[in-house]
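Enquirer: A single structure is presented below for examination.
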Amino acid sequence: MDRMQGKVAIITGGARGMGAATARAFTAEGAIVIVADLLEAEGRELVRQLGGTATFRKLDVAREDEWQALVVETLSLHGRIDALVNNAGLVHFADVMSFETEAFDRLFSVNVKGAFLGTKHVGKAMAEAGRGSIVNIASIAGLQGGNGISLYSSTKWALRGLTKSAAMELGPYGVRVNAVLPGGVDTVMGNPEGLPGDTKNQYYKMFRYSASGNRKKWPAPRCFFVRMNPPTSAVQNYQSMAA
Ligand SMILES: NC(=O)c1ccc[n+]([C@@H]2O[C@H](COP(=O)([O-])OP(=O)(O)OC[C@H]3O[C@@H](n4cnc5c(N)ncnc54)[C@H](O)[C@@H]3O)[C@@H](O)[C@H]2O)c1
């Protein structure tokens, strides 16, 4: 239970969902966790539950000045940053013919620019220390396409591109950059209405979206789960690059 004893870890979007689960897991392993999120009430409550050394820090991942301040503050408080989890993310369900341009900017600014800025500023501090680990939370949607998620999927493919390139650039400094690509997880993101039973499944929700009014044309949301070759994960790619 001490695999992260004394390590300092920043988790973006850490106030709820998978970020909060990561914060709990890291804390259980002895890490000093900084929960960085826009959601102040949720973040502070989580930190209270975590107890000990965890802290909440309000952060908009799309703001470069806020990343700079967070890095300066963390280094002055703890003297090191060992891990960054770029987990903050947004989803938008709309087909490519009807998405709002505003949604494009919003999703790319959080899912892609946010991770870029984190990698830039935390990566720099890690490179100077000669060690560190950055984990980007991409998605199965970053391995394939799907009805109603062209925008979200595009951001997650972009995040994989960032991961692979940053791994090559930061690797020589002793900094690892990897991605995790989860399948559907029952969180507020995929199930904002808290629907029960089968409808909890976010892919079912996407199906409802994509099938509405066009069931004949788009009959098979199952494509999320089938017709997919075993993916080569960014982690595996990084390992083969590093070998
Ligand atoms: N839930 C799923 O099925 C699923 C599947 C694959 C990947 N993911 C990815 O996992 C990550 C976490 O998703 P989740 O399901 O826990 O969602 P969630 O909506 O529960 O959590 C996302 C968190 O990101 C925060 N956030 C959003 N914009 C932010 C910003 N500008 N600055 C700082 N924080 C911000 C939110 O406040 C929230 O706490 C996301 O990147 C998501 O794309 C989720």
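Enquirer: Report the local net charge at ALA138: Lys and Arg +1, Asp and Glu -1, summed over other residues whose C-beta lies under 13 Å from its C-beta.
Expert: With Lys, Arg at +1 and Asp, Glu at -1, the neighbours total +3.
Enquirer: Using R₀ = 41 Å, calculate the FRET efficiency as 1/(1 + (r/R₀)^6) where r is the Cβ-Cβ separation of LEU75 and ASP105; round to 0.05.
Expert: That gives a FRET efficiency of 0.85.
Enquirer: Report the residues of the stretch 20-38 in range of a label on LYS58: point 7 Å along Cα→C-beta, backbone N strictly under 20 Å from it.
Expert: In the stretch 20-38, the label zone of LYS58 (backbone N under 20 Å from the point 7 Å along Cα→Cβ) covers 20, 34-38.
Enquirer: What does the net charge come to around LEU39 if you take all other residues with beta carbon closer than 13 Å to its beta carbon, with K and R at +1 and D and E at -1?
Expert: Local net charge: -1.
Enquirer: When the Cα centres of the stretch 151-175 and the stretch 76-145 are compared, how far apart do they sit, in Å?
Expert: Cα centroid of the stretch 151-175 versus Cα centroid of the stretch 76-145: 9 Å apart.
Enquirer: If I model a spin label as a point 7 Å beyond the Cα along the Cα-Cβ vector, how far apart are those points for VAL185 and ALA28 in nm?
Expert: 1.4 nm
Enquirer: Assuming R0 = 30 Å, what is the FRET efficiency of ARG48 and LYS120, from their Cβ-Cβ distance, to the nearest 0.05?
Expert: 0.45
Enquirer: Can you tell me what percent of all Cα-Cα pairs in the stretch 1-118 are more than 25 Å apart?
Expert: Of the Cα pairs, 24 percent sit more than 25 Å apart.
Enquirer: Below 13 angstrom from the Cβ of PHE99, what's the summed charge of the other residues (Lys, Arg +1; Asp, Glu -1)?
Expert: Net of charged neighbours comes to -3.
We did not get these values from a lab; they are worked out from the coordinates using the rules stated. All values derive from a computational prediction rather than experimental measurement. All Cβ positions, glycine included, derive from the backbone under ideal geometry; neighbour counts span all protein chains shown.
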